[in-house]
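A quick write-up on the structure given underneath.
The values are calculated or read from the model by the stated rules, or taken from the named source; none is laboratory data. These figures come from a predicted structure and were not determined experimentally. All accessible areas refer to the heavy atoms of the entire protein, side chains included, with ligands and DNA or RNA removed. Shrake-Rupley method; radii C 1.70, N 1.55, O 1.52, S 1.80 Å.
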Amino acid sequence: MRSTASRLLDSPGSPPPGELDALANKLRGHLEILMPAVAARLDGGNAVEVTAPAAAVDQARVRMMPGGAAALGPHRHAQCLARSVRALCGHLDTPTTAAAPLDADPAQREASRAFMAHVRGCGDCRTQGVDCDEAAGLRATWREAKSQARAARTLLRP
């Protein structure tokens with residue numbers, strides 16, 4: 001799969017039209033295999049670790065839609081397909097870790113709840129659409145707790 005993508009991305013110039021069509025079709029076939037494989041690894045709920053692979057699957061899905069070659073031209077469209085193949089292969093190569101939900105950390109969960117409760121009940125926050133001083137402090141506490149939870153997760157990875 002990578003060699004097919006490299007043939008298109010790493011070689012100068014455009015291949016002949018017949019070869020370009022064959023490469024594009026082969027890349028579409030690779031994407032039909034890779035997208036479900038990467039999507040299957042995304043099960044884990046609301047986790048930071050799944051954002052990039054999910055975006056890569058969505059982007060590949062858009063690139064596979066009919067009419068893409070007409071908008072970009074056949075060579076540019078084939079290059080986009082090749083980039084999606086490379087990206088999805090890279091996500092499959094990345095070892096998976098158990099995805100921790102964003103609110104798995106108790107301090108982060110409590111900070112989030114305190115901020116949300118304040119915003120729901122504060123007339124200033126709701127009518128002005130901006131944080132009042134208390135909400136700004138609660139948001140800063142929540143962000144700090146989120147940052148600490150993310151740092152703790154990266155330290156626990158093998």
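Points worth noting:
- Matching residues, segment 105-135, being acidic (Asp, Glu) and at pLDDT 80 or above: Glu110, Asp133, Glu134
- Any chance Glu49 is open to solvent by 30 Å² or more (accessible area, probe 1.4 Å), assigned to a helix (DSSP H, G or I) and at pLDDT below 80: yes
Each row is one residue, and each column tells you yes or no for (1) modelled with pLDDT under 85; (2) open to solvent by 60 Å² or more (accessible area, probe 1.4 Å); (3) not in a helix (DSSP H, G or I).
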position	(1), (2), (3)
Gly13	yes, no, yes
Ala24	no, no, no
Ile33	no, yes, no
Ala55	yes, no, no
Val62	no, yes, no
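- One residue from Leu138, Leu102, Leu92 being modelled with pLDDT under 80, open to solvent by 40 Å² or more (accessible area, probe 1.4 Å) and not charged (D, E, K, R): Leu102
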